[in-house]
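One structure is given here, and the rest of the page talks about it.
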Amino acid sequence: MKTLMTLPIVLWLALAQAAGARGIDITARVTDAETGEAIPGANVFLKENPQKGTSTDITGKFTLKNVPPDATVVVSALGYERAEFKATQVPYVIKLKPKAAQLEQVVLTASGMPERQKDVPVAISQITSLELEEINPITLEEVLNRVPGVMMVDLGNEQHSMSIRQPISYKSVYLYMEDEIPIRTVGLFNHNALIEINHAAIKKVEVIRGPYSALYGSGAIGGAINFITKEPSVTPLYKVYGVVNDIGYRKFGAQASGTKGNTGLLGAAEYSGRRHGYREHSDYDKFSFFLKMNNRLSDKASVKSVVDFIKYKTDMTGGLDSMYFYGRDYTSQYRFTYRKATALRYYSRLFYDWNQANRSRATVFARYNVMGQNPHYRIKDDYNPRNGTGDPNLAHGEINENSFRSIGLIADHTYESGPFKVTAGAYTDYSPASYWAKYIRVHKTDDAIYDTYEETDSLLTDYDVKVFNTAFYGSATYKITDAFKVLGGFRYDYISYNFDNHLDPSAFSGAPDTRNVFRAFTPRAGAILDADEHLSFYANYSKGFRPPEVGELYRGVKVPELEPEYYQNYEGGVRLTFEGKLYADIGYYLLRAENEIIRITLPDRSRINKNAGRTTHRGLEFGIRYFVNNEWDFSVNGAYSQHVFDEYKVSERRDYSGNVIPGSPPLVLNAQVRYRPSWWPGAWIILEQFHVDPYYMDEANTAKYEGYDIYNLRIGKRFDRLKVWLNVLNLTDELYATSARLAWGRKTYRPGEKRSFNLGVSYTWD
């Protein structure tokens, strides 16, 4: 009887032992501990048997079968801290912490596909999501000015210009993208276009320096900046945050995210603005909304869709003359000038993995954009002090508006097998656009204040233009040995402007109806040599082109006859990592521009745009970061550069050939010291310096601005779900100008922000 009673127990133990011998199946999802996003491509394997493993799919999901219960499961991903679990204790959601010391990064922008930074033969840098979480920026220059060779110039309330392998200017030599899609179409560049970027949506930022027209087309000359947006979290995640400072700024936002089944959703909304700042006439408001939906259609197919909306309006304060600037008098000469913008973007992107060797992408996109302004820089005095003619209380100005809407398609296919990788693609973009400008009479007081204006029925400019851009591109990589590979690519662009003028030939913009066509073939070639696992060298040649902007070609013109500008770029560099502590990326470039569009003064003193310039740009760019230990690290990012006119004759009496181009500081540098105290977990202290050398203010090289050094202090602490930070910007309250120029005998300075104490708080829960 006793034997019969013990038999079921023995059988149960035998079955349990047999099950243990067979092992258990583990299914889980791997996510970013900071953002909750899925981590595709993470490696999952057994510590005792690394050959038994797998990787996560696009949703961060993996399955390991027949795992011994006493085994250790290891999960690792590039840029994250490694995690280990007993097989019987693996959670369904595995949260990996981003590494503070990310020496090797995965970049997307250089090829359109994820690649290790060391495998890309171009100067590319990345600001990671972890860095953004510590920077807690209120403006984008706080982010971009950390990149070697980048100087984003703050013109107030997110208005800006840029300098990447080019002097400070308003030229259309930069390409701004969101998830690799240009936020504006070719020919309609605006130097303030980053106003239209949704800060609440940014996960990380990648910057390519130098021409990259072979992949992205016109505009990618000085550089291409790609703002990569956040992904829906695997589990429900909610976040609210706010920032205020002592000089009138405030920002508030909220985010909700989650995934159910095969669909993930992320929504974010943010308001930022300023009231009653230290500068007169300097208020602004910006509202942003972002929605992303990810759908997994099958094991091979998935779709990402995004809607992005921006509404913005700001007062335009303009620059200050020497007396006002150095006297710290922030009175505005302009009491009514403004800029406003509305931007709506949509895209839907299909990913399809045919097999391990073949994958395809197809993206449809649409854009709607309106920017209107009553610009201070268009106001001209009626009074002429040279001959004493005109009304001293009268000035002339304009109200204008440019708008466009777009539909487009981008499609490419990649084949990768063994040492070969080939990509071929096509791009098409149709963008009807319009522009009008109305003359206004401006009243100027005896104290030189432009206080009121009167609208008129006089149109200076009124036209429509249909912009069409179609392109074909391809690239190939061949790995000759494990240590050496070569890369090449090309793009052929066909661009047409169909211009329809609504005004008579006698008008300010009197060009006849016409059609202008531009064609360009832009190749690139590069090579990478890995001396060992710590040291690699790269070299790259690329060609860039820039067709004339629609405004350059038709505004204030009687006969449109401009041709594209062309750029030849040569560069080489070295990347070094050492014992997990040191990372260095050092490169040299030589960039030559031909057929540049410049403003020419004719014998009758009228001015026209003409292809009559040549320039040379060269520089040494460097990014160095050293981790002393887990608490301390240092970094220095900068560029030493030279920009000169080879040929720049604007009239018989004014020939600037051989001069240094104004707005070209030789050295621009960002240095940081970061401290993450072990005795205060979750805290950080960052002291940073931004240095700008003296530079010429005019083409004749007769005046110089002395440059500046500003310091920022960033202190923060994470308390589980709560994060609190204090950023003290311009710590020493330095008087500095973000840009300075001399024109028509008058020096003008754009004052940088005064010292500000920016207090922020965020709360996240899931």
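Annotations
- For segment 274-369, the extents of the C-alpha atoms along the principal axes are 68, 23, 18 Å, listed from largest to smallest.
- Of the GluC sites (Glu not before Pro) in segment 127-168, not one is in a loop by DSSP (not H, G, I, E or B) with at most 14 other beta carbons within 10 Å.
- In plain terms, the chain from His534 to Glu84 could stretch by 159.3 nm, reckoned as 0.36 nm per residue minus the Cα-Cα distance.
- Each Lys or Arg adds one and each Asp or Glu subtracts one; over the other residues with Cβ under 12 Å from the Cβ of Lys479, this totals -2.
- Under 5 Å from the amide H of Asn659 lie the amide H atoms of Phe645, each residue being 5 or more positions distant or on a separate chain, with H modelled from the backbone and absent for Pro and chain starts.
- Projecting the Cα atoms of Ile39, Gly79, Pro50 onto the dipole axis of segment 19-96, where Lys and Arg carry +1 and Asp and Glu carry -1 at the beta carbon, places Pro50 farthest toward the positive end.
- Asp464/Tyr383 FRET efficiency (R0 56 Å; Cβ-Cβ; nearest 0.05): 0.95
- The chain: relative contact order in percent, alpha carbon pairs under 8 Å with at least 6 residues between: 9
- The charge dipole of the chain, taken about its Cα centre with unit charges on the Cβ of Lys, Arg, Asp and Glu (plus for the first two, minus for the last two), comes to roughly 1700 debye.
- Residues listed by number, segment 211-241, amide nitrogen under 19 Å from Lys260 label point at 7 Å toward C-beta: 232-239
- Long-range HN-HN contacts of Tyr695 with modeled amide H, under 5 Å: Tyr705, Gly707
- Selection of GluC sites (Glu not before Pro), segment 683-727, meeting DSSP coil and at most 14 other Cβ within 10 Å: Glu706
- Under the shape rule built on the C-alpha gyration tensor, where the axes satisfy a ≥ b ≥ c, segment 225-765 is rounded, since a/c falls short of 1.5.
- Coupling constants for segment 159-165 follow from the phi torsions by the Karplus curve (6.51 cos²θ - 1.76 cosθ + 1.60, θ = phi - 60°), and in residue order they are 5, 6, 10, 9, 9, 9, 6 Hz; glycine and proline get x.
- Distant-in-sequence amide contacts of Val93, defined by a placed amide H-H separation under 5 Å and a gap of 5 or more residues or a different chain, comprise Arg29.
- Radius 10 Å from Cβ of Asn192, net charge of other residues (Lys, Arg +1; Asp, Glu -1): -1
- Label separation (Arg519 vs Asn630): 6.3 nm, computed from points 7 Å beyond Cα along the C-beta direction.
- Annotation for segment 494-523 versus segment 680-743: alpha-carbon center distance of 42 Å.
- Listed residues Gly372, Tyr324, Tyr346: farthest to the positive end of the dipole of segment 321-372 (Cβ charges): Tyr346
- The convex hull around the C-alpha trace of segment 19-96, projected and averaged over every direction, spans 4.6 square nanometres.
- Backbone geometry of segment 528-538 corresponds, through the Karplus equation with coefficients 6.51, -1.76 and 1.60 at θ = phi - 60°, to 3J(HN,Hα) couplings of 10, 10, 8, 5, 7, 5, 9, 10, 9, 10, 9 Hz, x marking Gly and Pro.
- Its Cα centre serving as origin, segment 655-747 has a Cβ charge dipole (Lys and Arg +1, Asp and Glu -1) of approximately 700 debye.
- Per-residue HN-Hα couplings for segment 211-218 [Karplus 6.51, -1.76, 1.60; θ = phi - 60°; Hz; x = Gly/Pro]: x, 9, 5, 4, 10, 10, x, 4
- Note on Thr72, Thr615: ascending count of other Cβ atoms within 10 Å places them as Thr72, Thr615, the fewest first.
- Counted charge near Gly388, where neighbours are those whose Cβ lies closer than 13 Å (Asp, Glu -1; Lys, Arg +1): -2
- Length gained on full extension, Leu731 to Asn659: 22.4 nm, using 0.36 nm per residue less the C-alpha separation.
- Between segment 651-672 and segment 396-451, the Cα center-to-center distance that results, in Å: 27
- Check: segment 50-180 dipole with +1 on Lys, Arg Cβ and -1 on Asp, Glu Cβ, in debye: 600
- DSSP beta bridges in the chain [antiparallel fraction, %, rounded to 5]: 95
- Taking segment 517-553 and a reference point 7 angstrom along Cα→Cβ of Phe484, the backbone N atoms nearer than 19 Å belong to 525-541.
- Part-to-part distance (alpha-carbon centres) for segment 197-229 and segment 57-123, which is given in Å: 25
- The residue among Tyr241, Leu265, Pro547 whose Cα reaches farthest toward the positive pole of the charge dipole of segment 225-765, with charges on the beta-carbon of Lys, Arg, Asp and Glu, is Leu265.
- Sparse-neighbourhood loop sites, GluC sites (Glu not before Pro) in segment 504-574 - DSSP loop, at most 12 other Cβ within 10 angstrom: Glu533
- Cα long-axis angle, helix 2-22 against the chain (0 to 90 degrees, to the nearest 10): 30
All of the numbers you see were taken from the coordinates with simple rules; none came from a lab. Computed from a predicted model, the values in this text were never measured in an experiment. Methodologically, a virtual Cβ is constructed for each residue, glycine included, from the backbone with ideal geometry; neighbour enumeration extends over all protein chains shown.
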